[in-house]
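Step one of this worksheet: look at the structure below.
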């Protein structure tokens, strides 16, 4: 299985996890010319959640959460603003992170809502 396929499976697991917790998935792998968002979801109050999904089969070199660098934070913030502009959205939003670790099918999921304050 390729890295891309593993990443897609992890995103599917993250989407299912978020749906079980009441979020409605609006988009997967939303992108424009300059950026990408793994998942875009809406909560029951109408706020948008931009969700970065990080998959690590093994955590020897850190978890998915530890892979969020200052550069990645900057790119996620720009991507969130780009989505808001593309959809003429001016409501509440937050950037969340879902870390999926372990062998796919027997994974551990850690969800950090509002992980990156704007």
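Yes or no, residue by residue, for (1) more than 16 Å from residue 101 (Cα to Cα); (2) out of contact with any strand residue (DSSP E or B) (no Cβ under 9 Å at 6 or more places or on another chain); (3) in a helix (DSSP H, G or I); (4) at pLDDT below 95:
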{"site": "4", "(1), (2), (3), (4)": "no, yes, yes, yes"}
{"site": "12", "(1), (2), (3), (4)": "no, no, yes, yes"}
{"site": "39", "(1), (2), (3), (4)": "yes, no, no, no"}
{"site": "50", "(1), (2), (3), (4)": "yes, no, no, no"}
Filter result (surrounded by fewer than 21 Cβ atoms within 10 Å (Cβ to Cβ) and in contact with a strand residue (DSSP E or B) (Cβ under 6 Å, 6 or more places away or on another chain)) within the range 69-82: 73
For the range 56-76, give me the residue count where each residue is touching a residue at least 24 places away in the same chain (Cβ under 8 Å) and assigned to a helix (DSSP H, G or I). 4
Quick one: residue 84 ticks every box in (1) at pLDDT 90 or above; (2) closer than 25 Å to residue 5 by Cβ bar one, so which box is it? (2)
For residues in the range 103-118 being assigned to a loop (DSSP other than H, G, I, E, B) and surrounded by 15 or more Cβ atoms within 10 Å (Cβ to Cβ), which is modelled with the lowest pLDDT? 104
Please list, ordered by first then second residue, the pairs with beta carbon atoms under 7 Å, 6 or more apart or interchain, first in the range 26-55 and at negative phi and surrounded by fewer than 13 Cβ atoms within 10 Å (Cβ to Cβ), second modelled with pLDDT of 95 or more and assigned to a loop (DSSP other than H, G, I, E, B). 44/22
Criterion first (out of contact with any helix residue (DSSP H, G or I) (no Cβ under 6 Å at 6 or more places or on another chain), surrounded by 15 or more Cβ atoms within 10 Å (Cβ to Cβ) and touching a residue at least 12 places away in the same chain (Cβ under 8 Å)) does residue 10 satisfy it? yes
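The values are calculated or read from the model by the stated rules, or taken from the named source; none is laboratory data. Here the structure is a predicted model, which is why all the values come from computation and not from measurement. Quick reminder, even Gly has a Cβ in these numbers, built from the backbone with ideal geometry, and neighbours come from all protein chains shown.
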